[in-house]
Amino acid sequence: MSKTSSRDVVIEGLTRRFGENTVLHDLDLVLEPGSFTALLGRSGSGKTTLLRTLAGLDPAPADARLTLPAAVAAAFQEPRLLPWKKVWQNVAIGLPAAGAQERAERALAEVGLSHRREAWPATLSGGEAQRAALARALVREPQLLLLDEPFAALDALTRIRMHALVLDLWRAHNPTTLIVTHDVDEAILLADRVVVLDQGRIAADIAVEMPRPRSHGEPAFATLRRRLLSELGVEDDVLRHAA
Amino acid sequence: MPDTHAISLPKQSLSLPRARQALAGRAMPDLRKLRRFLSPVVLVLLWQAASSLGLISPRTLASPATVILSGWELLLSGELPHHLMVSLSRVVTGLAIGLALGTGFALVAGLSRLGEEVVDAPLQMLRTLPFLALVPLFILWFGIGETPKIALVALGTTFPIYLTLFAGIRGVDPKLVEAGKMFGLDRRGLVRHVILPGALPSALVGLRYALGTAWLSLVIAEQINATSGIGFLINDARDFLRTDIIVVGLVVYALLGLGADALVRALERRALAWRPNLLKG
């Protein structure tokens, strides 16, 4: 794996096996600097494995060629805040001590959580905790921001607000962003590009050309939604049944 | 009659400044708290009555009044403070050694696989031995001075600290460790910011347990050839059939235990202020 000063994210020939089970099959993927990509897939499709490899949480296999920027940060489905550190200390964790608090507080202000900077994580709501987790990723000024189903556990109204926040932050800082999700609507609402992963291979790679802000009501939204669902193996007749 | 009694109590408690701020519903728990003290007081009164009526001979058990009087005299003569300080210093020294040993072993075993293999097995084996059974050996090894007494306290407190801190370190959520690594903590930073704070709740339970064991060890240790300390006071009193002084000694042991427990609880409230159940309370 090479870390470069450039913002390129290039994955070539990435294969991950757990015992007999091949989770990622010789995967190639290039992310444009500053782009917003959604990685869509059913559970077990290998999307989380890919994200963990990019985050450096799982070691990359020796035969894979990965080019990643130096500054990578992630937010997970569970906020993973340290319960014994106040919100701002959680954001500042791992930063050089000089100026850490100031930087943390600036990041908290950006996610709209200044009023909770002295709070214990256990007292935060789900949405607040996820905002703190975003601030903790953001404060590192990442060139590659990885989001692993960060809104899956939030209620629908909070999720809508978080979507808007993520887009605002992405526009302001413009990191290359990769969000892993199983929510088709979320992928279409947020991303420029949706990559569908199926059994460790890229099954579809679709550019989303709708202008933002996007809404569920647009015909283009519905068309794309149907296409993505079909890629995921959910056909029209199933949808009609569900309705 | 019982009814008027029950009604008059909440009125009294409402006149207290703290209770005045509380809602009317708070009067009930206050009453219940008072009721909790009622039965011990009644028991002591019954004990006093039985002693005064000659039903309990002073040789069996001195009356509460005599106990209080003897306690007061021992306090004024400086005898009680002297023995108390000796006992306290034994416990504090033994506990400090036990804490250092238990913490050291737990860190070695908890933070490395090799450490676990080397340290855990022998400690788990030693743990199953009732440590008080080592008293004869300790007398042979350390004689009858201060050393065996402090060693016994140290031994008794090492295990609870070791076991709880080790379990606490191993019980830290691996997802938090992973997040810590992801956000740039090195090994030392992980231990300091993630692993030790995560193990602290468990370790404090161990500390509380260790304090209990420390007093128990002290009681046993002070039965062996002590020439000072609360245990000596009690043994000496036994030879002169002074049940009043024996009871004074027992009360002092109990108060010391209570005080130690309160100390750890205060420590917990401070160090574990982040815990959700403490936040609500």
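The values are calculated or read from the model by the stated rules, or taken from the named source; none is laboratory data. No experiment lies behind these values; they were computed from the predicted model shown. Every residue, glycine as well, gets a Cβ built from its backbone with ideal geometry; the counts of neighbours run over all protein chains shown.
Take B:A266 and decide whether it is surrounded by fewer than 18 Cβ atoms within 10 Å (Cβ to Cβ), part of a helix (DSSP H, G or I), in the same structural domain as B:V91 (by TED's automatic domain parsing) and within 10 Å of the chain's Cα centre (by Cα).
Working: surrounded by fewer than 18 Cβ atoms within 10 Å (Cβ to Cβ): yes; part of a helix (DSSP H, G or I): yes; in the same structural domain as B:V91 (by TED's automatic domain parsing): yes; within 10 Å of the chain's Cα centre (by Cα): no.
No, not satisfied.
Can you work out which of the residues in the stretch A:82-93 that are closer than 18 Å to A:E110 by Cα, within 10 Å of chain B (Cβ to nearest Cβ) and hydrophobic (A, V, I, L, M, F, W, C) is surrounded by the fewest Cβ atoms within 10 Å (Cβ to Cβ)?
Step one: filter the stretch A:82-93 for residues closer than 18 Å to A:E110 by Cα, giving A:86-93.
Next, from what is left, pick out any that are within 10 Å of chain B (Cβ to nearest Cβ): A:86, A:89-93.
So of that shortlist, the ones also hydrophobic (A, V, I, L, M, F, W, C) come out as A:91-93.
Working: A:V91: 31, A:A92: 25, A:I93: 22.
Within the stretch A:82-93, the match that is surrounded by the fewest Cβ atoms within 10 Å (Cβ to Cβ) is A:I93.
In contact (Cβ under 8 Å) with a residue 12 or more places away in the chain, among the aliphatic types (A, V, I, L, M) and part of a strand (DSSP E or B): does that describe A:L229?
On the way: in contact (Cβ under 8 Å) with a residue 12 or more places away in the chain: yes; among the aliphatic types (A, V, I, L, M): yes; part of a strand (DSSP E or B): no.
Spelling it out, it is not the case that A:L229 is in contact (Cβ under 8 Å) with a residue 12 or more places away in the chain, among the aliphatic types (A, V, I, L, M) and part of a strand (DSSP E or B).
Please indicate, with yes or no, whether at least one residue in the stretch B:195-202 is outside any helix (DSSP H, G or I) and free of Cβ contacts under 8 Å to residues at least 12 places away in the same chain.
Residues of the stretch B:195-202 that are outside any helix (DSSP H, G or I), as a first pass: none.
The answer is no; no qualifying residue exists.
For the stretch A:13-75, list the strands (runs of 3 or more DSSP E) that sit wholly inside it and hold at least 1 residues that are hydroxyl-bearing (S, T, Y); which are they? Talk me through it step by step, then tell me what you get.
Numbers: elements: A:21-31, A:36-41, A:65-69, A:72-75.
Qualifying strands (runs of 3 or more DSSP E): A:21-31, A:36-41, A:65-69.
Of everything in the stretch A:95-123, what is in contact (Cβ under 8 Å) with a residue 40 or more places away in the chain and in a loop (DSSP other than H, G, I, E, B)? Give them in sequence order. Before you say what the answer is, go through the steps one by one.
Taking the stretch A:95-123 and keeping what is in contact (Cβ under 8 Å) with a residue 40 or more places away in the chain, we get A:95, A:110-112, A:121.
Once the filter is applied, which keeps residues that are in contact (Cβ under 8 Å) with a residue 40 or more places away in the chain and in a loop (DSSP other than H, G, I, E, B), the stretch A:95-123 yields A:L95, A:V111, A:G112.
Please enumerate the residues belonging to the stretch A:7-34 that are over 24 Å from A:V234 (Cβ atoms) and buried (at least 18 other Cβ atoms within 10 Å of the Cβ).
Those that are over 24 Å from A:V234 (Cβ atoms) and buried (at least 18 other Cβ atoms within 10 Å of the Cβ): A:R7, A:V9, A:I11, A:L14, A:R16, A:L31.
Can you work out which of the residues in the stretch A:41-75 that are touching a Pro at 6+ places or on another chain (Cβ under 9 Å) and under 20 Å from A:L95 (Cβ atoms) is surrounded by the most Cβ atoms within 10 Å (Cβ to Cβ)? Break it down stepwise before answering.
Of all residues in the stretch A:41-75, those touching a Pro at 6+ places or on another chain (Cβ under 9 Å) come to A:53, A:69, A:71-75.
Within this subset, residues satisfying the condition of being under 20 Å from A:L95 (Cβ atoms) are A:69, A:71-75.
On the way: A:P69: 18, A:A71: 14, A:V72: 21, A:A73: 22, A:A74: 28, A:A75: 26.
Across the stretch A:41-75, the extreme among qualifying residues is A:A74.
Filter the stretch B:214-239 down to the residues that are in contact (Cβ under 8 Å) with a residue 60 or more places away in the chain and outside any loop (DSSP other than H, G, I, E, B) and list them by number.
Looking only at the stretch B:214-239, we keep the residues that are in contact (Cβ under 8 Å) with a residue 60 or more places away in the chain, and these are B:214-218, B:220-222, B:224-226, B:228-233.
The answer is B:A214, B:W215, B:L216, B:S217, B:L218, B:I220, B:A221, B:I230, B:G231, B:F232, B:L233.
Here is a yes/no grid of residues against (1) within 14 Å of another protein chain (Cβ to nearest Cβ); (2) of a type in the set (S, T, Y):
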| site | (1), (2) |
| --- | --- |
| A:V10 | no, no |
| A:S35 | no, yes |
| A:T53 | yes, yes |
| A:A62 | no, no |
| A:F76 | yes, no |
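Please determine whether any residue of the stretch B:147-166 is assigned to a helix (DSSP H, G or I), surrounded by fewer than 18 Cβ atoms within 10 Å (Cβ to Cβ), in the same structural domain as B:R90 (by TED's automatic domain parsing) and touching a residue at least 12 places away in the same chain (Cβ under 8 Å). Lay out the reasoning, then the answer.
Narrowing the stretch B:147-166 to residues assigned to a helix (DSSP H, G or I): B:147-166.
Remaining after also requiring surrounded by fewer than 18 Cβ atoms within 10 Å (Cβ to Cβ): B:147.
From the residues that got through so far, the ones that are in the same structural domain as B:R90 (by TED's automatic domain parsing) too are B:147.
Narrowing the set further to residues that are touching a residue at least 12 places away in the same chain (Cβ under 8 Å) leaves none.
Checked against the condition, which is being assigned to a helix (DSSP H, G or I), surrounded by fewer than 18 Cβ atoms within 10 Å (Cβ to Cβ), in the same structural domain as B:R90 (by TED's automatic domain parsing) and touching a residue at least 12 places away in the same chain (Cβ under 8 Å), the stretch B:147-166 yields no hits at all.
Each row is one residue, and each column tells you yes or no for (1) more than 10 Å from every other protein chain (Cβ to nearest Cβ); (2) more than 24 Å from the chain's Cα centre (by Cα).
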{"site": "B:A151", "(1), (2)": "yes, no"}
{"site": "B:R170", "(1), (2)": "yes, yes"}
{"site": "B:G184", "(1), (2)": "no, yes"}
{"site": "B:V191", "(1), (2)": "yes, yes"}
{"site": "B:G198", "(1), (2)": "no, no"}
{"site": "B:S202", "(1), (2)": "yes, no"}
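For the stretch A:129-162, what are the residues that are under 20 Å from A:A70 (Cβ atoms) and more than 14 Å from chain B (Cβ to nearest Cβ)?
Answer for the stretch A:129-162, where residues must be under 20 Å from A:A70 (Cβ atoms) and more than 14 Å from chain B (Cβ to nearest Cβ): just A:Q143.
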